[in-house]
Amino acid sequence: MNRIISPSMLSADFGHLERDTRMIDASAAQWIHIDVMDGVFVPNISFGFPVLKAIRAASPKFMDVHLMIVEPERYVKRFVEAGADLVTVHAEAVKDLRAALEMIRACGAKSGVSIKPATPVSEVSEVLDAADLVLIMSVEPGFGGQSFIPGSTEKVRELRRLIDQKGTGTLIEIDGGVSAANAGELFAAGCDALVAGSAVFKAEDPQAEILKMLNAK
Ligand code: DX5
Ligand code: ZN
């Protein structure tokens with residue numbers, strides 16, 4: 001099992017994006033999480049390609065791109081060209097999930113599928129062989145700074161059992177309301193990667209906070 005921290009740039013200071021990206025680059029976090037929102041799939045708009053490219057220019061770290069957009073298939077190639085190492089689409093946003101995941105791999109990136117809090121793990125069980133990662137949303141997607149929905153930990157355990165049974169090696173990531181207070185429990189439940197926005201960027205010492213999450217019991 002891995003212990004990966006993926007700080008969400010949604011909570012960064014966009015007036016100092018390069019500074020904040022370099023700070024994460026120098027931290028123990030292995031990945032950088034990028035939240036793309038279109039105002040249609042979720043009731044919020046975040047940012048797109050130019051911001052992604054600016055982050056890529058400031059750090060060579062593994063770029064974990066979470067697409068909260070409708071018809072994500074239309075943009076996969078451009079996100080990979082802009083520097084995405086992993087592209088995650090929402091199961092609720094695509095008609096043919098397997099085809100979307102295969103398309104991501106064909107573009108040269110790792111493939112990810114995310115499920116919203118109300119979507120059961122069974123929605124992804126038949127495509128695990130095509131998914132390098134499953135992202136479990138532990139808040140309603142759209143905004144940083146919300147509280148962790150408790151039932152999400154049980155979904156992680158269920159997904160862990162399923163992945164181990166099928167032997168696909170798919171990674172499990174969780175996103176929303178994650179902090180050093182629940183990081184230990186989430187890794188123990190079977191998460192490989194934790195996304196954290198406010199917990200990292202609102203901390204007095206973000207790099208120390210990342211270490212706390214990595215070492216949480
Ligand atoms: C929410 C985003 C998250 C968000 C997490 O839709 O997908 O990645 O930035 O923020 P926190 O860690 O503050 O809950
Ligand atoms: Zn996210």
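The values are calculated or read from the model by the stated rules, or taken from the named source; none is laboratory data. Computed from a predicted model, the values in this text were never measured in an experiment. Note that we place each Cβ from the backbone using ideal geometry, even for glycine, and neighbour counts take in every protein chain shown. With ligands, DNA and RNA removed, areas are computed over all heavy atoms of the protein, side chains included. Shrake-Rupley method; radii C 1.70, N 1.55, O 1.52, S 1.80 Å.
Some points to look at:
- Every pair of residues 6+ apart whose Cβ atoms lie under 8 Å, when the first sits in the stretch 79-107 and is at positive phi while the second is assigned to a helix (DSSP H, G or I) and basic (Lys, Arg): GLY83/LYS53; GLY83/ARG56
- Consider the stretch 114-136 and keep the residues that are within 12 Å of ligand 1 (Cβ to nearest atom) and more than 23 Å from GLN165 (Cβ to Cβ). The one that is least open to solvent (accessible area, probe 1.4 Å) is PRO117.
Quick grid of which residues meet (1) part of a strand (DSSP E or B); (2) open to solvent by less than 50 Å² (accessible area, probe 1.4 Å); (3) within 16 Å of ligand 2 (Cβ to nearest atom); (4) at pLDDT 95 or above:
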{"residue": "SER6", "(1), (2), (3), (4)": "yes, yes, yes, yes"}
{"residue": "GLY15", "(1), (2), (3), (4)": "no, no, no, yes"}
{"residue": "THR21", "(1), (2), (3), (4)": "no, yes, no, yes"}
{"residue": "ILE24", "(1), (2), (3), (4)": "no, yes, yes, yes"}
{"residue": "MET37", "(1), (2), (3), (4)": "yes, yes, yes, yes"}
{"residue": "MET63", "(1), (2), (3), (4)": "yes, yes, yes, yes"}
{"residue": "ARG78", "(1), (2), (3), (4)": "no, no, no, yes"}
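- Scanning the stretch 137-167 for residues that are assigned to a loop (DSSP other than H, G, I, E, B), more than 12 Å from ligand 2 (Cβ to nearest atom) and surrounded by 15 or more Cβ atoms within 10 Å (Cβ to Cβ) turns up PHE148, ILE149.
- Hey, GLY169 at pLDDT 95 or above, over 12 Å from the mean Cα position of the chain (by Cα) and within 15 Å of ligand 1 (Cβ to nearest atom) or not: no
- Qualifying positions in the stretch 177-204 - at positive phi and either open to solvent by less than 10 Å² (accessible area, probe 1.4 Å) or part of a strand (DSSP E or B) (or both): GLY190
Conditions (1) in contact with a Lys or Arg (Cβ under 6 Å, 6 or more places away or on another chain); (2) within 16 Å of ligand 1 (Cβ to nearest atom); (3) of a type in the set (Gly, Ala, Ser), marked per residue:
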| residue | (1), (2), (3) |
| --- | --- |
| SER8 | no, yes, yes |
| ILE34 | no, yes, no |
| GLY48 | no, yes, yes |
| ARG56 | no, no, no |
| MET63 | no, yes, no |
| ARG74 | no, no, no |
| ASP85 | no, no, no |
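- Taking the numbered list (1) out of contact with any Leu (no Cβ under 6 Å at 6 or more places or on another chain); (2) in contact (Cβ under 8 Å) with a residue 40 or more places away in the chain; (3) aliphatic (A, V, I, L, M) in turn, ALA28 passes all entries but (1).
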